[in-house]
Number of protein chains: 2
Amino acid sequence: MKDCLFCKMVAGEIKPDMVMQNDQLIAFRDINPQAATHILVVPRRHISTLNDLAQEDAGIIESMVSAARTIAHQQGIAASGYRLVMNCNQAGGQTVYHIHLHLLGGRPMGWPPG
Amino acid sequence: MKDCLFCKMVAGEIKPDMVMQNDQLIAFRDINPQAATHILVVPRRHISTLNDLAQEDAGIIESMVSAARTIAHQQGIAASGYRLVMNCNQAGGQTVYHIHLHLLGGRPMGWPPG
(Lines give C-alpha, C1' and ligand atoms only; values in the text may rest on other atoms or scores of the structure.)
Protein backbone atom coordinates (compact mmCIF):
# COMPACT_ATOMS: atom_id res chain seq x y z
CA MET A 1 0.00 0.00 0.00
CA LYS A 2 1.64 3.17 -1.27
CA ASP A 3 0.62 5.56 1.49
CA CYS A 4 0.86 3.17 4.44
CA LEU A 5 3.54 4.08 7.00
CA PHE A 6 4.14 0.48 8.03
CA CYS A 7 4.30 -0.75 4.41
CA LYS A 8 7.05 1.84 3.87
CA MET A 9 8.95 0.35 6.83
CA VAL A 10 8.44 -3.17 5.48
CA ALA A 11 9.78 -1.95 2.09
CA GLY A 12 12.79 -0.29 3.75
CA GLU A 13 11.80 3.22 2.61
CA ILE A 14 11.54 4.33 6.23
CA LYS A 15 14.00 2.87 8.75
CA PRO A 16 12.57 2.25 12.21
CA ASP A 17 14.62 1.14 15.23
CA MET A 18 14.30 -2.53 14.32
CA VAL A 19 14.49 -5.29 16.95
CA MET A 20 13.41 -8.32 14.88
CA GLN A 21 12.66 -9.29 11.30
CA ASN A 22 11.56 -12.56 9.73
CA ASP A 23 9.72 -13.59 6.59
CA GLN A 24 6.32 -12.78 8.06
CA LEU A 25 6.84 -9.66 10.16
CA ILE A 26 9.01 -6.81 11.39
CA ALA A 27 9.28 -5.48 14.97
CA PHE A 28 10.62 -2.09 16.00
CA ARG A 29 10.52 0.46 18.83
CA ASP A 30 7.46 2.76 18.97
CA ILE A 31 8.49 6.38 18.25
CA ASN A 32 6.16 7.54 21.06
CA PRO A 33 6.95 4.95 23.73
CA GLN A 34 4.46 4.56 26.56
CA ALA A 35 6.73 2.37 28.68
CA ALA A 36 10.46 1.69 29.05
CA THR A 37 9.99 -1.09 26.52
CA HIS A 38 7.40 -0.39 23.82
CA ILE A 39 7.77 -2.38 20.63
CA LEU A 40 5.43 -2.81 17.67
CA VAL A 41 5.09 -6.13 15.87
CA VAL A 42 3.84 -5.64 12.30
CA PRO A 43 3.07 -8.24 9.62
CA ARG A 44 4.73 -7.64 6.25
CA ARG A 45 1.39 -8.14 4.53
CA HIS A 46 -0.91 -5.11 4.55
CA ILE A 47 -4.07 -5.90 6.53
CA SER A 48 -5.99 -2.76 7.49
CA THR A 49 -7.74 -3.87 10.68
CA LEU A 50 -8.43 -6.98 12.75
CA ASN A 51 -11.85 -7.02 11.10
CA ASP A 52 -10.16 -7.52 7.72
CA LEU A 53 -8.24 -10.69 8.55
CA ALA A 54 -9.06 -13.26 5.87
CA GLN A 55 -8.66 -17.00 5.43
CA GLU A 56 -5.28 -16.47 3.73
CA ASP A 57 -4.01 -14.66 6.84
CA ALA A 58 -4.33 -17.77 9.02
CA GLY A 59 -1.42 -18.01 11.41
CA ILE A 60 -0.39 -14.37 11.29
CA ILE A 61 -1.77 -13.52 14.75
CA GLU A 62 -0.05 -16.55 16.24
CA SER A 63 3.23 -15.46 14.60
CA MET A 64 2.86 -11.92 15.93
CA VAL A 65 2.25 -13.07 19.51
CA SER A 66 5.05 -15.61 19.24
CA ALA A 67 7.44 -12.86 18.10
CA ALA A 68 6.30 -10.62 20.95
CA ARG A 69 7.01 -13.39 23.47
CA THR A 70 10.49 -13.95 22.04
CA ILE A 71 11.20 -10.21 22.10
CA ALA A 72 9.96 -9.94 25.70
CA HIS A 73 12.57 -12.55 26.64
CA GLN A 74 15.30 -10.80 24.65
CA GLN A 75 14.44 -7.45 26.24
CA GLY A 76 14.49 -8.94 29.75
CA ILE A 77 10.83 -8.21 30.58
CA ALA A 78 9.35 -11.72 30.31
CA ALA A 79 9.69 -12.55 34.01
CA SER A 80 8.73 -9.12 35.40
CA GLY A 81 5.80 -8.91 33.01
CA TYR A 82 4.42 -7.24 29.92
CA ARG A 83 1.18 -6.29 28.19
CA LEU A 84 0.12 -7.05 24.61
CA VAL A 85 -2.39 -4.67 22.99
CA MET A 86 -4.12 -4.62 19.62
CA ASN A 87 -6.45 -1.77 18.67
CA CYS A 88 -9.19 -2.04 16.06
CA ASN A 89 -10.80 1.05 14.52
CA GLN A 90 -11.39 4.43 16.09
CA ALA A 91 -12.88 3.59 19.50
CA GLY A 92 -10.14 1.00 19.94
CA GLY A 93 -7.53 3.69 19.43
CA GLN A 94 -6.13 2.44 16.13
CA THR A 95 -4.08 5.17 14.42
CA VAL A 96 -2.17 3.30 11.68
CA TYR A 97 -4.47 1.17 9.54
CA HIS A 98 -2.07 -1.73 9.09
CA ILE A 99 -2.55 -4.22 11.92
CA HIS A 100 0.07 -4.23 14.66
CA LEU A 101 0.61 -5.54 18.15
CA HIS A 102 1.98 -3.36 20.96
CA LEU A 103 4.37 -5.00 23.44
CA LEU A 104 4.76 -2.88 26.58
CA GLY A 105 6.83 -3.55 29.68
CA GLY A 106 9.51 -2.26 31.98
CA ARG A 107 7.02 -0.54 34.27
CA PRO A 108 3.86 -1.67 36.11
CA MET A 109 0.98 -1.39 33.63
CA GLY A 110 -2.18 0.18 35.11
CA TRP A 111 -5.84 -0.78 34.92
CA PRO A 112 -8.05 -0.02 33.03
CA PRO A 113 -5.97 -0.51 29.92
CA GLY A 114 -6.82 2.91 28.50
CA MET B 1 -6.09 -26.96 38.09
CA LYS B 2 -8.01 -27.33 41.33
CA ASP B 3 -7.64 -23.80 42.65
CA CYS B 4 -7.83 -21.91 39.37
CA LEU B 5 -10.86 -19.62 39.03
CA PHE B 6 -11.03 -19.98 35.25
CA CYS B 7 -10.64 -23.77 35.39
CA LYS B 8 -13.67 -23.80 37.70
CA MET B 9 -15.62 -21.84 35.07
CA VAL B 10 -14.47 -24.24 32.35
CA ALA B 11 -15.63 -27.14 34.54
CA GLY B 12 -19.00 -25.49 35.19
CA GLU B 13 -18.42 -25.20 38.95
CA ILE B 14 -18.70 -21.42 38.72
CA LYS B 15 -21.15 -19.95 36.20
CA PRO B 16 -20.00 -16.73 34.54
CA ASP B 17 -22.18 -14.61 32.22
CA MET B 18 -21.22 -16.66 29.17
CA VAL B 19 -21.28 -15.20 25.66
CA MET B 20 -19.56 -17.99 23.69
CA GLN B 21 -18.32 -21.53 24.15
CA ASN B 22 -16.59 -23.94 21.80
CA ASP B 23 -14.33 -26.95 22.14
CA GLN B 24 -11.24 -24.82 22.71
CA LEU B 25 -12.42 -21.87 24.81
CA ILE B 26 -15.09 -20.07 26.79
CA ALA B 27 -15.92 -16.34 26.71
CA PHE B 28 -17.83 -14.41 29.37
CA ARG B 29 -18.39 -10.91 30.72
CA ASP B 30 -15.76 -9.54 33.12
CA ILE B 31 -17.23 -9.10 36.61
CA ASN B 32 -15.37 -5.77 36.93
CA PRO B 33 -16.05 -4.29 33.49
CA GLN B 34 -13.81 -1.44 32.37
CA ALA B 35 -15.95 -0.55 29.34
CA ALA B 36 -19.56 -1.00 28.19
CA THR B 37 -18.42 -4.23 26.57
CA HIS B 38 -15.71 -6.11 28.45
CA ILE B 39 -15.45 -9.80 27.73
CA LEU B 40 -12.79 -12.36 28.61
CA VAL B 41 -11.79 -15.12 26.21
CA VAL B 42 -10.27 -18.08 28.08
CA PRO B 43 -8.86 -21.34 26.69
CA ARG B 44 -10.25 -24.50 28.31
CA ARG B 45 -6.71 -25.78 28.78
CA HIS B 46 -4.89 -24.39 31.81
CA ILE B 47 -1.87 -22.36 30.69
CA SER B 48 -0.54 -20.11 33.47
CA THR B 49 1.02 -17.27 31.46
CA LEU B 50 1.94 -16.33 27.91
CA ASN B 51 5.50 -17.37 28.81
CA ASP B 52 4.25 -20.92 29.38
CA LEU B 53 2.73 -21.52 25.94
CA ALA B 54 4.19 -24.76 24.62
CA GLN B 55 4.39 -26.50 21.25
CA GLU B 56 1.16 -28.39 22.00
CA ASP B 57 -0.68 -25.08 22.45
CA ALA B 58 -0.13 -24.08 18.81
CA GLY B 59 -3.20 -22.38 17.43
CA ILE B 60 -4.74 -21.39 20.76
CA ILE B 61 -3.86 -17.69 20.45
CA GLU B 62 -5.25 -17.59 16.92
CA SER B 63 -8.48 -19.21 18.20
CA MET B 64 -8.75 -16.72 21.05
CA VAL B 65 -8.35 -13.70 18.77
CA SER B 66 -10.71 -15.24 16.21
CA ALA B 67 -13.35 -15.71 18.92
CA ALA B 68 -12.84 -12.12 20.11
CA ARG B 69 -13.38 -10.83 16.56
CA THR B 70 -16.58 -12.87 16.21
CA ILE B 71 -17.85 -11.63 19.58
CA ALA B 72 -17.03 -8.01 18.66
CA HIS B 73 -19.30 -8.42 15.64
CA GLN B 74 -22.04 -10.07 17.70
CA GLN B 75 -21.85 -7.32 20.32
CA GLY B 76 -22.03 -4.59 17.67
CA ILE B 77 -18.63 -3.02 18.41
CA ALA B 78 -16.63 -4.26 15.41
CA ALA B 79 -17.21 -1.16 13.28
CA SER B 80 -16.91 1.44 16.06
CA GLY B 81 -13.83 -0.29 17.41
CA TYR B 82 -12.39 -2.37 20.21
CA ARG B 83 -9.16 -3.17 22.04
CA LEU B 84 -7.65 -6.60 22.73
CA VAL B 85 -5.37 -6.91 25.76
CA MET B 86 -3.33 -9.77 27.19
CA ASN B 87 -1.36 -9.33 30.42
CA CYS B 88 1.65 -11.44 31.38
CA ASN B 89 2.93 -11.59 34.96
CA GLN B 90 2.85 -8.87 37.61
CA ALA B 91 4.10 -5.78 35.75
CA GLY B 92 1.73 -6.67 32.90
CA GLY B 93 -1.19 -6.59 35.32
CA GLN B 94 -2.04 -10.31 35.21
CA THR B 95 -4.29 -11.24 38.15
CA VAL B 96 -5.61 -14.71 37.20
CA TYR B 97 -2.82 -17.10 36.22
CA HIS B 98 -4.70 -18.86 33.44
CA ILE B 99 -4.15 -17.01 30.17
CA HIS B 100 -7.02 -14.85 28.91
CA LEU B 101 -7.70 -12.14 26.39
CA HIS B 102 -9.65 -8.98 27.26
CA LEU B 103 -12.01 -7.62 24.61
CA LEU B 104 -13.02 -4.03 25.43
CA GLY B 105 -15.27 -1.68 23.47
CA GLY B 106 -18.35 0.50 23.57
CA ARG B 107 -16.35 3.57 24.58
CA PRO B 108 -13.29 5.37 23.21
CA MET B 109 -10.24 3.59 24.65
CA GLY B 110 -7.52 5.96 25.90
CA TRP B 111 -3.75 5.99 25.45
CA PRO B 112 -1.49 4.84 27.06
CA PRO B 113 -3.15 1.46 27.51
CA GLY B 114 -2.70 1.44 31.29
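The values are calculated or read from the model by the stated rules, or taken from the named source; none is laboratory data. Just so we're clear, the structure is a prediction, and the values are computed from it rather than from any experiment. Glycine also receives a Cβ, built like all others from the backbone with ideal geometry; neighbour counts cover every protein chain displayed. Heads up: the accessible areas ignore ligands, DNA and RNA and are worked out on the full protein's heavy atoms, side chains in. Shrake-Rupley method; radii C 1.70, N 1.55, O 1.52, S 1.80 Å.
Some points to look at:
- Residues in the protein assembly as shown average 45 Å² of solvent-accessible surface per residue, probe 1.4 Å, ligands and nucleic acids excluded.
- Spatial separation of Cα centroids for the range A:43-89 and the range B:15-88, in angstrom: 15 Å
- Rounded, prolate or oblate (a/c below 1.5 giving rounded, otherwise prolate when a/b exceeds b/c) for the range B:1-76 by Cα gyration tensor: oblate
- Backbone amide hydrogens, once placed in the peptide plane, bring A:Gly81 within less than 5 Å of B:Ala91, excluding anything fewer than 5 places away on its chain.
- Residue with peak Gaussian network fluctuation, chain B [Cα springs, cutoff 10 Å], from B:Gln94, B:Gln34, B:Gln55: B:Gln55
- Think of it as helices only: each DSSP H run of n ≥ 4 in the protein assembly as shown is worth -39500 (n - 2.57), and spread over all residues that comes to -6000 deg cm²/dmol at 222 nm.
- Listed values for the range A:92-103 are Karplus-derived 3J(HN,Hα) couplings in whole Hz (6.51 cos²θ - 1.76 cosθ + 1.60, θ = phi - 60°), namely x, x, 6, 10, 9, 8, 8, 4, 7, 10, 8, 10, and x replaces Gly and Pro.
- Cα gyration tensor category, rounded, prolate or oblate, for the range A:21-114 with a/c compared to 1.5: oblate
- Net charge in the neighbourhood of B:Cys88 (other residues with Cβ under 9 Å of its Cβ; Lys, Arg +1, Asp, Glu -1) is +2.
- Cα gyration tensor shape of the range B:9-52, rounded if a/c is under 1.5, else prolate or oblate by comparing a/b with b/c: oblate
- The relative contact order of the range B:5-105, computed from alpha carbon pairs under 8 Å that lie at least 6 residues apart in sequence, is 32 percent.
- In the elastic network of chain B, a GNM with C-alpha springs shorter than 10 Å, the most mobile of B:Ala91, B:Ala78, B:Ala58 is B:Ala91.
- Evaluating 6.51 cos²θ - 1.76 cosθ + 1.60 at θ = phi - 60° for every residue in the range A:34-46, the Karplus couplings come out as 10, 6, 3, 10, 9, 10, 9, 10, 10, x, 5, 6, 7 Hz, glycine and proline recorded as x.
- Remark: spin-label model distance B:Thr95-B:His46 equals 2.1 nm, labels positioned 7 Å along the Cα→Cβ axis.
- Chains B and A together bury some 3200 Å² of accessible area, summed over both sides, with a 1.4 Å probe.
- Under 20 Å from a label point set 7 Å out along the Cα-to-Cβ vector of A:Leu5, the amide N atoms of the range A:17-39 belong to A:17-21, A:25-39.
- Expressed as a whole percent, the accessible surface of chain A that belongs to carbon and sulfur atoms is 50, based on a 1.4 Å probe.
- Against chain B, whose longest principal axis is taken from its Cα atoms, helix B:60-74 shows a tilt of about 40°.
- Proximity of backbone amide H atoms, modeled 1.01 Å from N, is registered between B:Val19 and B:Ala27, B:Phe28, B:Arg29 at under 5 Å, excluding neighbours fewer than 5 places apart on the same chain.
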